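Scroll down for the structure; my scribbles are underneath it.
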Protein chains: 2
Amino acid sequence: MRIGVLTMISFLFGAITSMVCGYIGMTVAVYSNARTTVNCMREGFKEGFNTAFRAGAVMGFALTGLGIFVFYVTMCGYSSLYEPAEWNIMFDCLSGYGLGGSSIAMFGRVGGGIYTKAADVGADLVGKVIEDLPEDSPRNPATIADNVGDNVGDVAGMGADLFGSFAESTAAALVIAAQTPDLRNAGWGAVCFPVVVSASGILVCMICSFWATHIRPVTTEDKIESTLRNQLILTTFAMCPAIYWAATTYLPETFHMDGVAKSMTATRSGAIMCVVSGSIGGLIIGVVTEYYTSFGYEPVREISRACKTGAATNIIYGLSLGYRSCIVPVFILATIIYVSFESCDLYGVSLAAVGMLGNLATGLTIDAYGPVCDNAGGIAEMSELPHEVREKTDALDAAGNTTAAVGKGFAIGSASLVSLALYGAFVTRIRDSSGGVFGNVQILTPLVFAFLLIGSMLPYWFSALTMKSVGDAAAQMVVEVKRQFDLNPELRNPDCAMRPDYDRCIKISTEASLREMIAPGALVMLAPLIAGTFFGVYAVYGLLTGALLSGVQLAISMSNTGGAWDNAKKYISGGYDESLGGKGSEFYKAAVIGDTVGDPLKDTSGPSLNILMKLMAIMSLVFADYFYAINNGQGILRMPVD
Amino acid sequence: MRIGVLTMISFLFGAITSMVCGYIGMTVAVYSNARTTVNCMREGFKEGFNTAFRAGAVMGFALTGLGIFVFYVTMCGYSSLYEPAEWNIMFDCLSGYGLGGSSIAMFGRVGGGIYTKAADVGADLVGKVIEDLPEDSPRNPATIADNVGDNVGDVAGMGADLFGSFAESTAAALVIAAQTPDLRNAGWGAVCFPVVVSASGILVCMICSFWATHIRPVTTEDKIESTLRNQLILTTFAMCPAIYWAATTYLPETFHMDGVAKSMTATRSGAIMCVVSGSIGGLIIGVVTEYYTSFGYEPVREISRACKTGAATNIIYGLSLGYRSCIVPVFILATIIYVSFESCDLYGVSLAAVGMLGNLATGLTIDAYGPVCDNAGGIAEMSELPHEVREKTDALDAAGNTTAAVGKGFAIGSASLVSLALYGAFVTRIRDSSGGVFGNVQILTPLVFAFLLIGSMLPYWFSALTMKSVGDAAAQMVVEVKRQFDLNPELRNPDCAMRPDYDRCIKISTEASLREMIAPGALVMLAPLIAGTFFGVYAVYGLLTGALLSGVQLAISMSNTGGAWDNAKKYISGGYDESLGGKGSEFYKAAVIGDTVGDPLKDTSGPSLNILMKLMAIMSLVFADYFYAINNGQGILRMPVD
C-alpha cells in the first residue's frame, strides 16, 4: 500500500517537474526570440549568439537543476520512512519519477513532434499553392503555427525526452545500487553516487559556459558551430576529474554484485570507467553526428551536389547517408555497453547512461539554442528587417540545425542505455520473484524469437503512424491555407495590410497533435501489456529487446537523414557553392523536397522512437509483479516455459 | 579430407546449377520479349499474357526442376559412400550446395541489382537533361542498358536468390533430419521427406499452370492481376494434400529430437503443420504485399493522391506505407516460427521454409513474367508500334510490378526462415563440439548484447553501400548520356535516323555493378569471420540474430515502398483517376520522383538484404569448426565466457 502511494507521488513529482521545466524553457525561448533578432540587428554576431545561447542555458540549467533537486528531496523524504536495509524497496518507488517524466515526454516528443512538423511541412507546401511566398512570410497563415511548433517540439519536447532519460537513468542506477548489499552497507553516499555525478555535472557545465559567453565569445559566422562543439568537448573532459572525485569520495574500493549476467566483484575503478565511457562515448556520437549533418563536411555537400540531378538523387543519397551514419554510433554504443556491462553488470550500464547525460545542462543549452535562432529568423522575416539581419540569424540557425542533430544523437544514445538498464532491472525483478526460473533470456526458444521479431517491427509500426500523422495534418493545413487565400485573394498581394487568420492554423496543429498521438501512444503502452498478459514474461523480454535493437538504428538514421537534408538546403541557399545556383534555383527546389521529407523523420518519427524504447521498458518494470502474477509469468495462454 | 572434397563438389554443383538456371531464364526472357509485343499487337491480351506467362514458366520449372534433380543425384551419389549411421556427416557436405547457390545469388542480386538500377535510374534522370524524351525511347542511349538490366536483376537475380533459399532450406532440413537417429533409422525416405515435398510441389505447380493458360485464360485487362494471384492461391491449397501424402508415406508416427531449444518428441502431424504453416503463411504474406503495392487498393491510391501536394508528401506517405507494410508479414513470420519451432524445433523451421518455397515454380513464373512484360513495352516503344500496343503491354506490366513485390515478399519470408534454420544449425554444431558450453545464447550478457546491436546495424551499413552505388553509377550514366547528346546534337531530333552508342552505357552498368559489389560483398563475408576470429562464437551468435531481426524489417519496408511508388506512378499515368491529370501532369512528375527513389530500394537494397541474412548464416555454419578451434570458441581476444 505504502509502496503504491509513494510510487504515485514520485510519478506526480516527475511529471510536474518535467512540465514546469518545459514551461520555463518555452517561456524563456519565446522572450528571447525577438531579443536575438534585435541583437543581431543592433549589435552583431556576438550579442545575437549570446542571447540565444543564454536562453538555451535557462532551459538547460532549470531542467537539470530542478530535476536533480526534486529527485533528491523526494529521496530524502522517502528515506526517513525506511531503514537502510529496506532501501531497495524504497528506491523502487523512485522509478515512478522516471515514468512520470517519460509520460510527459510522450506528449512533448510525439505530440509536440506532430504539432511542429504538421505546421512546418504545411507551411513549406504552401509554396506549391502560392508561388514565390518566401519562408516565414507573415502572409502565410501557417507561419505562426510553425513558430509555435518550434518551441513546442524542439524546446519542450526535447527537454522532456532528455529529462525522462536523466530521471530514469538516475533512478535505475539507484534501484540497482540499493539492491546491492555492499553499497547499501557503505552508506547513503555510496548509494547516492549517481546523483552526485549528475549534480557535479551541473556545476561543471555552469563553469564551462563562461567559456562560450565571455572567454572565447563568437565573433564571426564560422566560429558558431565550433564554439558550440567546443562547449561539449570542454564539459565532457571537465567531467572526468569530477567523476574521479565523486567515486573516490563515496564508492567503496570493491563491492559484490549479483548481476543478471553473472555474480561478480565490481571495483571502484570499474565504476569510474563506466561513467567515463558513457561520457566520452556520448561526445564521440555527437561529433560523428555533426560530421554527417553539418554542411562543413563532405557528406552533406555531396547531398547538395546530388540535387543537380534532381530531387530523386537527393533523396537516394540522403537515405544512404542516414543508414551510413548508424555505423560509428552503434559501434560506440556497443563498446560502451560491453565495457560497462562487463565491469559492473547493469549498474554499469545505468552509470554509463548517467555519464552520457552528465553534461546534459550543456547539451540542452545547445539544443534549445537552435529553435530560438530559428524563430529569430522568422521574426526578422515577418518584421521586414534588412536582409543582413536574416542572413545573421540564418547563420546562427544553420549551426543550430547541426547541434539539434547532435542533441538527438545524445538523446538516442542515452535512451538506448537507459532502456537496456531498465530492461535488465525488469529481468532481475522477475528472476528474483520466480526464484531464477525466468532468469535466462535465451534467444533460441520459440516464444522469445517470435517476439524478438515482433519487437523489432514495433519501431516501424510506430514510425508509420507518426509519419502519416504529419502527412495528414500537413495536408489539412494546406487545405486551410488554400481556403484563406481563396476567401481573401488580397492576401496574395505582398503589400496587403490584412493579416491572415493564424489562429485556425494553430488550432489545426493542436488538434492534430492531440488526436494523432492516441494511436502511437496506445501502441507503446499496450504492446508490453498485451504481450505480458497473454503470452507471459518471455514474450515481454523478446519484445523489449527487439524494439531496442531496431529502434536505435531507425532513430539514428532518421534523425541524421533529416538533419543532413535540412543543412544541404541551407548550403545551397547560403550560396556556399556557386555551381548550385543559390536560393530559388532548380537545385534549391530539389533540396527543399528533401528538407520537407526530412522534417517528420528528424523531428517526429526519429526522436519519438526514444520514447518508444524507454516507455516500453519502464512500463514493463512497473508492471513486473502483475506479469508474474498471471500463471507465474506464463500469461493467460499458459505459454510453455522451455 | 573426403568431407572437404565432397563439400567443394556440392558447392560447385550448386553454383553451376544456379548459373545454368539463370542463363536459361534470361535467354528465354530475351526470346519472349518481342513475341509478347507481337502477340499483344496481332492477337490480344490472352495471347500476350500467355506468351509472357510461359516464358516465366520456363524459368520457374527449369530452376526448381534442375535444382531438385541435381541435388538429389548428388545426395544419392554421396550416400553410396557412407553407411546410414554416417549420413549426418554426409549431409553436412550438402550444405555446400546451398553456399554455392547463395554465392551466385550474391552476384545476381547485389551485382544485378546495381546493374539494373544504375541503368534504370540513369535513364529516368535523362529526362532532366533532355526534356520530353519518353520512357524507353530509342534515342536515349541508356535504354538498352535498362532493358538488359531488367533481365539481369529481375530474372537472373531473383532466380538465383530464390534458388539459394530453395537449396539452403532443403539442405538445412536434410542436415537436421540426418542428425536425428529416429529419422535415420526410419530409412532413406524419412530423411528425404523435404526433397519429396519440394518435388511434389513442382508437379502440383505444373498441373495448376494449365488453369491460367487454358481453363481460365486472361481476356481483359482487369483479370491479369487476379489470374496471377489465383495461381498462387491454387498451388498453395493444392500443395496441402501432397504434403499430407508425403508425410504419411515417409515420416514415422513420432520421432525424438535433441533440439536447440529443448529435447522433445516430435510427431508426424507436427511436421505436417510446419510445412503447411510455411506454405499458407507465404501466401498470406504475398496477399498482404499485393494489398500494399497494387493500385487496385487504397494504400497506393492514397500515395497517388499525395502527389497532389508534391513530391515531398509522396515520399513521406510512401515511406510510411513501407513501414506499415511490415506489420502483418512480421506477425505471420513470428507465428510460423513459433508454431514450427515449438512443434519440431529447428527441423520445423526448415520444413516451414521448404513449405513456403513449395510452390516456388509458380512464384518464379510470376516473377519472371514481370520483366518480360516490362521489356515487351520497351520494344513496343522503340519499334514505334501503335499506341494501343504499348497500352496493352503497360497493363501486363502493372500486374507484373505487383507480382514482383509479391515475389519479394516470398523471398524475404523464406530467407528469414532459412537463415534462422541455418543459424540454429550453427549453434547446434558449436554446442555439440563444445559439449554444451556454447549451447545457450543469452541475450543479457555483455558480448552477445553488444553484437546484437552491431548485427542490427549491418543491414543499414549494407544498404547504405548499395544505395549509394546505384546513385553513383546512375550519375555516371547521366554524364555519359549528356556527353553523347553534346557530341551529336542531332540525337535530340525525334526523326533522327542515327542511333546513340548503347554499348558504352551497357559497359558503365556492367563495370559499376562489378566494382560496387566488392564493398557490400566483403562486408557480408567478413563480418562473421572477423567477429568469430577475434571475439569468439558468442559474438557471431549476436551478430547473426541482430542482422536477421533488423534485416527482415528493412527488406520488407524497402521492397514495398518501392513497389508502391512504381504503381502509384502507373496509376496516375494510366489515367485511372481523372483528378490526377495523367501522364505529363505536375502530379505525374511528383510520382516519377518517388518511383526513381524507389528503384534502388525495391530492386537493389531491399532484396539484397536476403543475401546478407542467408550468406552470413551459411558462412558461419561452414566456418563453425574454425571458429571453435580458436581458443575453444573464445576468439583471439579470449573473450570471457559467462
Checklist line | 16 Å Cα-Cα reach of A:Lys262 towards aspartates and glutamates, excluding residues that sit fewer than 8 places from it in its own chain | finding: A:Glu342, A:Asp345, A:Asp432, B:Asp642
Notebook entry, point to check: For label points placed 7 Å from Cα toward Cβ, what is the shortest-first list of nm distances from B:Leu514 to its copies?
Noted result: 6.5
Checklist line | For region A:143-234, with +1 on Lys and Arg beta carbons and -1 on Asp and Glu, the positive-most of A:Asn230, A:Ala190, A:Ala160 along the dipole | finding: A:Ala190
Notebook entry, point to check: Dividing the Cα radius of gyration by the Kirkwood radius, what Rg/Rh value follows for the protein assembly as shown?
Noted result: 0.98
Item checked: Residue-averaged 222 nm ellipticity for chain A, from DSSP H runs of 4+ at -39500 (n - 2.57), nearest 500 -> -26500 deg cm²/dmol
Next item on the list: Quick one: grab the alpha carbon gyration tensor of region A:263-378, order the square roots of its eigenvalues as a ≥ b ≥ c, and give me rounded if a/c is under 1.5, else prolate or oblate depending on whether a/b is larger than b/c.
Entry: oblate
Next item on the list: Return the Rg/Rh value of region A:1-55, two decimal places, where both radii are evaluated on C-alpha atoms and Rh is the Kirkwood radius.
Entry: 1.40
Note to self: What does the copy distance list look like for B:Asp625, label position 7 Å along Cα→Cβ, in nm and ordered from shortest?
What the structure shows: 5.6
Check: For q = 0.10, 0.20 Å⁻¹, what log10 I(q)/I(0) does region A:119-266 give under the Debye formula with an equal point scatterer on each alpha carbon and no solvent?
Finding: -0.62, -1.19
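For chain A, give the magnitude of the charge dipole about the Cα centre (Cβ charges: +1 Lys/Arg, -1 Asp/Glu; no others), in debye to the nearest 20.
Result for chain A is approximately 780 debye, rounded to the nearest 20.
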Item checked: Whole-angstrom Cα spans of region A:561-642 along principal axes, big to small -> 69, 21, 18
Check: Once the Cβ-Cβ distance between A:Ala34 and A:Met525 is put in as r, and R0 is 30 Å, what FRET efficiency do you end up with, to the nearest 0.05?
Finding: 0.15
Next item on the list: Grab the alpha carbons of region B:340-425, take their convex hull, and tell me the volume per residue in Å³.
Entry: 80
Next item on the list: Mind grabbing the interface size between B and A? I mean buried accessible area, both sides, 1.4 Å probe, in Å² to the nearest hundred.
Entry: 7000
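Hey, what D do you get for region B:492-577 in µm²/s if you plug the Kirkwood alpha-carbon radius into Stokes-Einstein at 10 °C and 1.306 mPa s?
Answer, rounded: 89 µm²/s.
Rounded to the nearest 0.05, what FRET efficiency is calculated for B:Lys507 and B:Val5 with R0 set to 35 Å and r the Cβ-Cβ distance?
0.35
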Next item on the list: Heavy atoms only, probe 1.4 Å: what % of the accessible area of chain A goes to carbon and sulfur, would you let me know?
Entry: 62
Item checked: Value of D in µm² per second that Stokes-Einstein yields for region B:1-136, Kirkwood Rh from Cα pairs, at 4 °C (1.567 mPa s) -> 72
Checklist line | Lys, Arg +1 and Asp, Glu -1 on Cβ, resulting dipole of the protein assembly as shown about Cα centre, debye, nearest 20 | finding: 1520
Next item on the list: Report, in degrees rounded to the nearest 10, the 0 to 90 angle that the Cα long axis of helix A:311-324 makes with the longest principal axis of chain A.
Entry: 20
Notebook entry, point to check: Got a sec? Charge dipole of the protein assembly as shown, +1 on Cβ for Lys and Arg, -1 for Asp and Glu; which of B:Val481, A:Ile285, A:Pro217 is way out at the positive end?
Noted result: A:Ile285
Item checked: Lys/Arg +1, Asp/Glu -1 at C-beta; the protein assembly as shown dipole; positive extreme among B:Ile272, B:Ala34, B:Ala497 -> B:Ile272
Next item on the list: May I ask for the distance between the Cα centers of region B:557-635 and region A:1-67, given as a whole number of Å?
Entry: 43
Check: Between their Cα atoms, which of A:Lys117/A:Lys614; B:Lys117/B:Lys482; B:Lys117/B:Lys583; A:Lys507/A:Lys614; B:Lys468/B:Lys570; A:Lys392/A:Lys569 are more than 20 Å away from each other?
Finding: A:Lys117/A:Lys614; B:Lys117/B:Lys583; A:Lys507/A:Lys614; B:Lys468/B:Lys570
Item checked: Cut-off 19 Å, label 7 Å out along Cα→Cβ of B:Ile215, residues of region B:187-201 by amide N -> B:200-201
Next item on the list: Step through the residues of region A:266-276 one at a time and calculate ³J(HN,Hα) from phi using the Karplus curve (6.51 cos²θ - 1.76 cosθ + 1.60, θ = phi - 60°), rounding each to whole Hz and writing x for Gly and Pro.
Entry: 8, 10, 4, 5, x, 5, 4, 4, 4, 5, 5
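Which value, in Å², gives the accessible area per residue of the protein assembly as shown when a 1.4 Å probe is used on the protein heavy atoms?
It amounts to 31 Å² per residue over the protein assembly as shown.
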Notebook entry, point to check: R0 = 35 Å: FRET efficiency of B:Trp188 with B:Ser434, Cβ-based, nearest 0.05?
Noted result: 0.65
Next item on the list: Select from region B:466-505 all residues whose loss of accessible area on going from the chain by itself to the full protein assembly reaches 10 Å² or more (probe 1.4 Å).
Entry: B:Met467, B:Lys468, B:Gly471, B:Asp472, B:Ala475, B:Val478
Next item on the list: Quick one: grab Rg to one decimal and Dmax as a whole number for chain B, Cα atoms only, in Å.
Entry: 24.3, 76
Notebook entry, point to check: Considering only the other residues whose Cβ falls under 11 Å of the Cβ of B:Lys583, what net charge follows from Lys and Arg at +1 and Asp and Glu at -1?
Noted result: +1
Notebook entry, point to check: In debye, nearest 20: dipole of region A:70-151 around its Cα centre with unit charges on the Cβ of K, R (+) and D, E (-)?
Noted result: 160
Note to self: At 7 angstrom along the Cα-to-beta-carbon line, where would the label on A:Tyr244 sit relative to the other copies? Give the distances in nm, shortest first.
What the structure shows: 7.7
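Could you pull out the GluC sites (Glu not before Pro) across region B:345-423 that fall in loop regions by DSSP (anything but H, G, I, E, B) with no more than 11 other Cβ atoms inside 10 Å?
Working: sites: B:Glu381, B:Glu384, B:Glu388, B:Glu391; in loops: B:Glu384.
Counting only loop positions with at most 11 other Cβ atoms within 10 Å, the GluC sites (Glu not before Pro) in region B:345-423 are B:Glu384.
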Item checked: Contour minus Cα-Cα distance for A:Arg42 and A:Val479 (0.36 nm per residue) -> 153.4 nm
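The values are calculated or read from the model by the stated rules, or taken from the named source; none is laboratory data. Nothing here was measured: the structure is a model prediction, and the numbers come from that model. With ideal geometry, Cβ positions are generated from the backbone for all residues, glycine too; neighbour counts draw on all protein chains shown. Heads up: the accessible areas ignore ligands, DNA and RNA and are worked out on the full protein's heavy atoms, side chains in. Shrake-Rupley method; radii C 1.70, N 1.55, O 1.52, S 1.80 Å.
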